[in-house]
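Each remark here refers to the structure printed beneath this line.
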Amino acid sequence: MAEAIKIVIPMAGWGTRMRPHTWSKPKPLMPIAGKTVLDYVLDQFDSIPASFEKEFVFIVGHQGEQIEEHMQENHPDVKVDFVVQEEMRGQSHAIYLAREYLKGPMLMAFSDTLIETDLAFLADAEVDGMAWVKPVPDPRRFGVAELGSEGHIARLIEKPQDVNNNLVLVGFYYFRSGEALIAAIEEQMARGTSLKGEYYIVDAINVMLEKDVDFRVKRIETWLDTGIPATTLETNRYLIENRADNSAAFAERPGVVIIPPVCIHESVQLESAVVGPYVAIGKNTRITDSVIRNSIVGNDTEVSGLVCENSLLGNKVYIEAQVSHLNVGDNSRLVK
């Protein structure tokens, strides 16, 4: 019988940096490169060895019912438990709320970041834990992993002043024992180790490191972010270019110019339009007399006479205008 591995994804935040879009949907359901951010988050775990049975634990909050509906409709075979975080008291607090599910090995990932990694090594992993890192030129606005003499993690440091230690934490972790992490969180809370009332996972891991556990780093090259509009567009661009380009399917339409790469749903209607590069368009959307570049356009949206780039257009939006940059939430109307 396969051993269960729990995959914990906190996603209870308000998504304030992605408004107006997150007024009507949780941030993990933002469209990006033909799917939702959550769909791409789930893809990260496809390489988990078959010797493990994947069990997800989603910590949800505001509009969490939309997450449940999305999973039932699009991922009915995925085993997932839902835990509600009503107070935003940080990552450690979110994980602690899910403690009844966290027995044995577990992974934790954030819902607004994506990485490319191979998890096949977990079949033979003997370490107590692992933190995924990416070297960056200037790590001072991030958290970093400081390594000891034998290559294990000595401690995690928030916003270091020394740029020589550039192994930035990307928000993806493995723990051999979920119970050990919960015990560390309990000690973290007992000590009151928090920042502005929130308990952070790096402080809980530092409690574990005090007990000489064997934590290692896993270096990656690709680290993508969907936390703000600008980085969401950058991530959309990367995913279209590397995974989701379907420009060939629209190449021969009269009066339509497609500049690859793009990701356009098959139901989209295009008339007298120039689309691309790096444009994602959702289902049942109509684009006429428009030029769109480096943008995300949602479902059931109608656009006419628009010239735009670097824009985010939500679902069920009607636009009849000529502007250069837009950030328009769901169910909006913009006319000349």
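The values are calculated or read from the model by the stated rules, or taken from the named source; none is laboratory data. Everything numeric here is computed off the predicted structure, so don't read it as measured data. No Cβ is skipped: glycine too gets one built from the backbone with ideal geometry, and neighbour counts run over all protein chains shown.
With the stretch 1-119 as the region, which helices (runs of 4 or more DSSP H) entirely inside it contain at least 2 residues that are touching a Phe, Trp or Tyr at 6+ places or on another chain (Cβ under 8 Å)?
Numbers: elements: 37-43, 64-74, 91-97.
Filter on the stretch 1-119 gives 64-74, 91-97.
Name the single residue that is modelled with the lowest pLDDT among those in the stretch 198-232 being buried (at least 21 other Cβ atoms within 10 Å of the Cβ) and over 18 Å from G143 (Cβ atoms).
Within the stretch 198-232, the match that is modelled with the lowest pLDDT is T226.
Looking at the stretch 183-208, I want the residues that are farther than 18 Å from Q85 by Cα and touching a residue at least 12 places away in the same chain (Cβ under 8 Å) and have a partner that is polar (S, T, N, Q) and outside any helix (DSSP H, G or I) with Cβ atoms under 7 Å, at least 6 apart or on another chain. Which pairs are those?
Between residues of the stretch 183-208 that are farther than 18 Å from Q85 by Cα and touching a residue at least 12 places away in the same chain (Cβ under 8 Å) and residues that are polar (S, T, N, Q) and outside any helix (DSSP H, G or I), the close pairs are D203/T193.
Which of the residues belonging to the stretch 152-176 are in a loop (DSSP other than H, G, I, E, B) and either of a type in the set (V, I, T) or over 24 Å from the mean Cα position of the chain (by Cα) (or both)?
Those that are in a loop (DSSP other than H, G, I, E, B) and either of a type in the set (V, I, T) or over 24 Å from the mean Cα position of the chain (by Cα) (or both): H152, P160, Q161, D162, V163, N164, N165.
Does the stretch 260-273 include one or more residues that are assigned to a strand (DSSP E or B), in contact with a Pro (Cβ under 8 Å, 6 or more places away or on another chain) and either modelled with pLDDT of 95 or more or loosely packed, with under 15 Cβ neighbours inside 10 Å (or both)? Working first, answer last.
We begin by selecting, within the stretch 260-273, every residue assigned to a strand (DSSP E or B); these are 262-264, 269-273.
Add one more test, that the residue is in contact with a Pro (Cβ under 8 Å, 6 or more places away or on another chain), and what stays is 262.
Still in the list and also either modelled with pLDDT of 95 or more or loosely packed, with under 15 Cβ neighbours inside 10 Å (or both): 262.
Yes, there is a match, as at least one residue in the stretch 260-273 is assigned to a strand (DSSP E or B), in contact with a Pro (Cβ under 8 Å, 6 or more places away or on another chain) and either modelled with pLDDT of 95 or more or loosely packed, with under 15 Cβ neighbours inside 10 Å (or both).
If you scan the stretch 86-110, which residues turn out to be aliphatic (A, V, I, L, M) and more than 22 Å from Q63 (Cα to Cα)? Even if it seems obvious, please write down each step before you answer.
So the first thing to find is which residues in the stretch 86-110 are aliphatic (A, V, I, L, M), and the list is 88, 94-95, 97-98, 102, 106-109.
Residues satisfying the conditions are L102, M106, L107.
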